[in-house]
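Right, one structure below, let's go through it.
Bear in mind that the values in this text are calculations on the coordinates, not laboratory data. Please read all numbers here as calculations on a predicted model, not as lab measurements. Note that we place each Cβ from the backbone using ideal geometry, even for glycine, and neighbour counts take in every protein chain shown.
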Amino acid sequence: MTILDKIAFSPDPKALLEQLHVGPESGLGIEILALLERAAPLGRPKAVFDEAFIDARGEDTVTIAGVTFTSRVLCENLADMERVFPYVATCGVELDALLEGMDDDFLRFGLDCIKQMALSAAGAALGCHLADNYGLTKSASMNPGAGDADLWRIEEQRPLFDLLGDVEGMIGVRLTDSFLMCPNKSVSGIFFPTEVDFVTCQLCHREGCPNRRAPFDEHLWIAKHGTAAPR
């Protein structure tokens with residue numbers, strides 16, 4: 001198990017203001033920049049991952065390091081794989097300290113955006129570490145609960161956390177009873193090497209998603225499911 005907890009966090013004030021559609025000299029802009037000044041030193045993005053090997057495969061299951069996952073699309077994506085990298089990355093619990101006494105909805109949203117920046121820093125550091133230390137220069141990831149519900153059900157968070165061990169003790173991320181992660185700006189999944197560009201968004205019908213990274217791909221849906229996409 002490898003923990004990455006010395007990740008630099010240098011959020012871009014200009015990018016944050018643009019995301020929130022406020023000017024630096026406006027009243028809201030001044031408040032957001034003051035919040036960012038408080039948040040930047042607190043931010044401690046983190047990630048934990050493991051190098052794991054596939055033990056067995058079924059029609060719609062794959063067993064990794066003794067833990068079985070159920071997802072037809074995951075099985076297809078890992079059909080030619082022997083080695084994968086389960087992981088959890090997070091913005092860190094430290095930024096939530098700023099929520100105390102914060103009753104302004106806009107500032108709370110601004111903090112959420114800052115937390116997303118911290119999560120992005122954790123993801124980038126994890127990607128660089130895997131490339132530098134494991135030669136994983138071309139990779140893709142699948143995430144439980146991302147995209148349409150039947151791609152890889154959110155309940156699969158539990159076996160993924162079981163595979164990694166004490167995730168909360170290592171990087172502070174815990175699962176709720178509904179399999180959501182706390183802190184909210186956290187992501188879990190499995191990285192795998194690939195020469196084909198793939199993101200779960202390509203198989204997701206959810207319109208207007210602020211985190212969409214690729215458009216829905218009808219042809220890929222048919223290839224993965226064997227049927228036309230539902231309307």
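Here are the numbers for this structure:
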| item | result |
| --- | --- |
| Long-range HN-HN contacts of Ala146 with modeled amide H, under 5 Å | none |
| Gain in span if fully extended, Ile154 to Ala65, counting 0.36 nm per residue against the direct Cα distance | 30.0 nm |
| Gap separating the Cα centres of segment 1-78 and segment 166-193, nearest whole Å | 10 Å |
| Long-range Cα-Cα pairs in segment 26-102 (distance over 20 Å), rounded percent | 54 percent |
| Highest to lowest packing among 128-135, 100-107, scored as the average C-beta count within 10 Å | 128-135, 100-107 |
| Rounded to whole Hz, the Karplus (6.51, -1.76, 1.60) HN-Hα couplings of segment 97-109, x for glycine and proline | 4, 6, 6, 4, x, 8, 10, 8, 4, 5, 5, 5, 5 |
| Ranked packing of 91-97, 6-12, most packed first, by mean Cβ within 10 Å | 91-97, 6-12 |
